[in-house]
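> Below: one structure in structure tokens.
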Amino acid sequence: MALEIEKTGKTVEEAQSAALAELGVDPKLVTFVTLEEPTKGFFGMFGKPAKIRAAVREFTPVEKAEQFLKDIFNAMKLDVSIEITEQEDGHVFSLIGENLGILIGKHGQTLDSLQYLSNLTANRGLVDEKVRIIIDIENYRTRREETLRRLALRLADKVRRTGERIVLEPMNRHERKIIHMALQDNYKISTYSSGDEPYRKVVIELKRGRGGRGGYRRDRNAGERSERPSYRRGGYGEGYNVNSTSSYAETAGSETDNFEVPVTEGTAINDNKD
């Protein structure tokens, strides 16, 4: 049910302004009905004020997400404008303002959280035809994708040279997919995802034998989604300890990119390409 309120004022415009101030929503979402025109009365006395009814129409999913973000920015006292464009993969919310790094966060984690909550808000109550909200700041996501692709190529070269697999630190599903796609045509390299959300990681290793990811095989005793190292000829070898290599961090792109993707080492658990 749409929210409705009635307001009075010396003029219709004054009554409308009072209604907007109380509702606290975008004026384009409000419809007005004039119930009574103002009257001056006799000799300017006993006049009646204008009376209007203001109704807030139901928000569309995209408008829900927009209002949700505006409320957050107001609470944070941030001056942020939102430009919305519709693309094939969803509605892109471009945030414009000064010093918005706080909304990006480390490795884009804050931006991803805002996007996640905005999608929850937009799709609340929807069963079919859900919408997808993508939040971006100064083309951060495009630059991040380019950084991840460069990182994937550099790490693949390191795996090829050293023969040791590399396990990246946890990434969201979208970023894991970027790594997989960047290396999918490399006939010497195999990638897969390991672990459970939100700690799921990308593993990069050499392809070994016809089985694709030689060096690993299903462990039937450990469950459907687990695997253990295979020490057959051509694998890591009996003396190889997958946890023995030192951890390090790879920084992709130029120094001005400021996109650091840490890399760690660990035993793979789940074998899926997402």
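The values are calculated or read from the model by the stated rules, or taken from the named source; none is laboratory data. Since we're looking at a predicted model, the values are computed, not measured. For neighbour counting, all protein chains shown are included, and Cβ atoms are generated from backbone atoms with ideal geometry for every residue, glycine included.
> What about Lys70, is it under 29 Å from Ile135 (Cα atoms) and either at pLDDT below 90 or part of a helix (DSSP H, G or I) (or both)? Outline the logic, then answer.
On the way: under 29 Å from Ile135 (Cα atoms): yes; either at pLDDT below 90 or part of a helix (DSSP H, G or I) (or both): yes.
Judged against the criteria, Lys70 is a match.
> What is the residue count in the range 169-193 for residues that are touching a Ser or Thr at 6+ places or on another chain (Cβ under 8 Å) and crowded, with 21+ Cβ neighbours inside 10 Å?
2
> Hey, which of the strands (runs of 3 or more DSSP E) in the range 128-196, taking only ones fully inside, have at least 1 residues that are among the aliphatic types (A, V, I, L, M) and in the same structural domain as Asp89 (by TED's automatic domain parsing)? Explain how you work it out, then say what you get.
Details: elements: 133-137, 166-168, 189-194.
The qualifying strands (runs of 3 or more DSSP E) are 133-137.
> When the residues of the range 92-111 are filtered to those that are surrounded by 18 or more Cβ atoms within 10 Å (Cβ to Cβ) and either closer than 24 Å to Thr60 by Cα or of a type in the set (Val, Ile, Thr) (or both), which remaining residue is farthest from the chain's Cα centre (by Cα)?
My answer is Leu95.
> Here's a follow-up. Just need a number here: residues in the range 37-61 that are modelled with pLDDT under 90, charged (D, E, K, R) and not in a loop (DSSP other than H, G, I, E, B).
So the answer is 1.
> In contact (Cβ under 8 Å) with a residue 40 or more places away in the chain, within 16 Å of the chain's Cα centre (by Cα) and surrounded by fewer than 13 Cβ atoms within 10 Å (Cβ to Cβ): which single residue out of Asp136, Asp89 fits that description? Lay out the reasoning, then the answer.
Working: Asp136 fails: surrounded by fewer than 13 Cβ atoms within 10 Å (Cβ to Cβ).
Exactly one of Asp136, Asp89 is in contact (Cβ under 8 Å) with a residue 40 or more places away in the chain, within 16 Å of the chain's Cα centre (by Cα) and surrounded by fewer than 13 Cβ atoms within 10 Å (Cβ to Cβ), namely Asp89.
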